[in-house]
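Visitor: Got a structure for you, written out below as structure tokens; questions coming shortly.
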Amino acid sequence: MKLTILGGGGFRVPLVYDALLGDHAEGRVNQVTLYDPDAGRLTAIARVLADQAEGVPDAPVVAATQDLAEALRGADFVFCAIRVGGLDGRAADERIALDEGVLGQETVGAGGIAYGLRTVPVAWDIARRIAQLAPDAWVINFTNPAGLVTEAMARYLGDRVIGICDSPVGLGRRMTRALGGAPSARVWVDYVGLNHLGWVRGLRIDGRDELPRLLADGEALESFEEGRLFGSEWIRSLGAVPNEYLYYYYFNRETVRAYREAAQTRGAFLRDQQEAFYSRAADPECAAWASWDRTRAEREATYMAESRLAAGAGARDEADLETGGGYERVALSLMRAIARDERATLILNVANRGALSVLDADAVIEVPCLVDANGAHPVSVDPLPGHAAGLVSAVKAVEREVLAAAESGSRSRAVKAFALHPLVDSVSVADRLLTGYLVAHPGLAYLKG
Ligand code: G6P
Ligand code: MN
């Protein structure tokens, strides 16, 4: 099996390789091709992977290329893990939004829209190339905003593109742990929404819903990250546990303040941190894997620091740091289920197809799916309560405006996308945001009129 990673010089590629190194079964990935336009980043990451492979006799063979066609030919799986505009772009997304007093997070609010507007045209090009050169490949999209980018790519790839995120799985794991623990095979997490905009409405262990027990136990409820972020009172009011990214909606003022007061935005912090890593790793004498791992640990420990600070939620739990994000494990389980027809249930970003009644069939949603050799099939779920259905519909409408703006190149469609977002509080703000983003991002020059 050949796996091609687009964005192969990206910082998190060694996590994927680590997961692959642990897979010795038949039909596993034995060939990894890293594609990246940046030769320096490719060399650095290839060095880390070489360190990781040392002493592992059946380690997947790694190739690196700057030629997209060469990377795609013969691929069984393609990971799309690109970052259009780099971390500099992410930092600009945040700064411009904060200067207008709104949130610029890479997936939520104004920042997510700006990032989406410059990523969608690139994702379309890539999807077209994959459809031509590797029409049978399964494409796993990691690129944020993951739901929007997956929906964009589906235009050319249909159900062969599947989006992934580790936050729902992490939430389910933390809730299960707070309930005393159970092997994941016995747990069903009733999670649904859009990417970074979903809720756990039930958690069944051996068929019995244990969420009421968790809601009743304040200590258990605030023993894990989302419980501390949202507080037991608000979680009980909702009757569901929100994805951590909903903090940006439910406590928007506090987050905007914390972001504005922070010495650096998340994007700027990661940009500086990664610049230092890639320049160290350029030296052939550098212990690349060790240096990468220190950088990774620091990134994990500071994840969502502003939200935790605003909520007084304290440091991250050791157990969450140990397992890391875990998204590479979701990707590996997904590939296994498809390649070996090993049935699995995973929370994924796929076309709705009637699973969630409030959205149309083509809307990409985040929902439990049954996966087998034919792909990921969403499980139909109970309707969302009005407040959640409203948010999901509003944000999906914004995503559709982003797609329409990218398609038409229309500036006013782009303004509409910003203006309709629940976290952008004025049409004039939307207009100024776009003006600022157009100056900062050459990749948005296609928006005219
Ligand atoms: C979580 C999110 C991802 C995000 C990652 C890293 O896993 O679900 O979408 O890419 O965290 O976040 P960071 O702020 O470190 O880039
Ligand atoms: Mn995510």
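The values are calculated or read from the model by the stated rules, or taken from the named source; none is laboratory data. A quick note: this is a predicted structure, and the numbers were derived from the prediction, not measured. Note that we place each Cβ from the backbone using ideal geometry, even for glycine, and neighbour counts take in every protein chain shown. Keep in mind that these areas ignore ligands, DNA and RNA; they rest on the heavy atoms of the full protein, side chains included. Shrake-Rupley method; radii C 1.70, N 1.55, O 1.52, S 1.80 Å.
Visitor: Among the residues of the stretch 17-36, count how many are in a loop (DSSP other than H, G, I, E, B) and surrounded by 14 or more Cβ atoms within 10 Å (Cβ to Cβ). Show your work before the answer.
Guide: Taking the stretch 17-36 and keeping what is in a loop (DSSP other than H, G, I, E, B), we get 22-30, 36.
In the following step, the residues that additionally are surrounded by 14 or more Cβ atoms within 10 Å (Cβ to Cβ) were identified as 23, 27-30, 36.
So the count comes out to 6.
Visitor: Among the listed residues A44, A50, A59, A71, identify the single one that is part of a helix (DSSP H, G or I) and open to solvent by 10 Å² or more (accessible area, probe 1.4 Å). Explain how you work it out, then say what you get.
Guide: On the way: A44 fails: open to solvent by 10 Å² or more (accessible area, probe 1.4 Å); A59 fails: part of a helix (DSSP H, G or I); A71 fails: open to solvent by 10 Å² or more (accessible area, probe 1.4 Å).
Answer to the check: A50.
Visitor: While we're here: Return the residues of the stretch 107-123 that are farther than 19 Å from R257 by Cβ and either in the same structural domain as L197 (by TED's automatic domain parsing) or under 18 Å from the mean Cα position of the chain (by Cα) (or both); say none if nothing qualifies.
Guide: Keep residues of the stretch 107-123 that are farther than 19 Å from R257 by Cβ, which gives 107, 112-123.
Correct list: T107, G112, I113, A114, Y115, G116, L117, R118, T119, V120, V122, A123.
Visitor: For the stretch 195-228, name all the residues that are within 16 Å of ligand 2 (Cβ to nearest atom) and part of a helix (DSSP H, G or I). Don't jump to the end; show me each part of the working.
Guide: Going residue by residue through the stretch 195-228, those that are within 16 Å of ligand 2 (Cβ to nearest atom) are 195-200, 225-226.
Correct list: E225, E226.
Residues are listed down the side, and each one gets a yes or a no for (1) aliphatic (A, V, I, L, M); (2) touching a Leu at 6+ places or on another chain (Cβ under 7 Å):
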position	(1), (2)
V402	yes, yes
K416	no, no
L420	yes, no
V427	yes, no
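Visitor: So, V424, is that one assigned to a loop (DSSP other than H, G, I, E, B), open to solvent by less than 20 Å² (accessible area, probe 1.4 Å) and not assigned by TED's automatic domain parsing to the domain that holds N195 or not?
Guide: Here the answer is yes, as V424 does meet what is asked.
Visitor: Here's something else I'd like to know. Which one of the conditions (1) within 16 Å of the chain's Cα centre (by Cα); (2) open to solvent by 10 Å² or more (accessible area, probe 1.4 Å) does V358 fail to meet, given that it meets all the rest?
Guide: The number of the failed condition is (1).
Visitor: Within the stretch 174-202, how many residues are within 16 Å of ligand 1 (Cβ to nearest atom) and modelled with pLDDT under 95?
Guide: Restricting attention to the stretch 174-202, the residues satisfying the condition of being within 16 Å of ligand 1 (Cβ to nearest atom) are 174, 189, 191, 193-200.
Pick out the ones that are also modelled with pLDDT under 95 and you get none.
Total satisfying the criteria: 0.
Visitor: Only one of (1) within 13 Å of ligand 1 (Cβ to nearest atom); (2) in contact (Cβ under 8 Å) with a residue 24 or more places away in the chain; (3) within 30 Å of P422 (Cα to Cα) is not met by V241, so which one is it?
Guide: (1)
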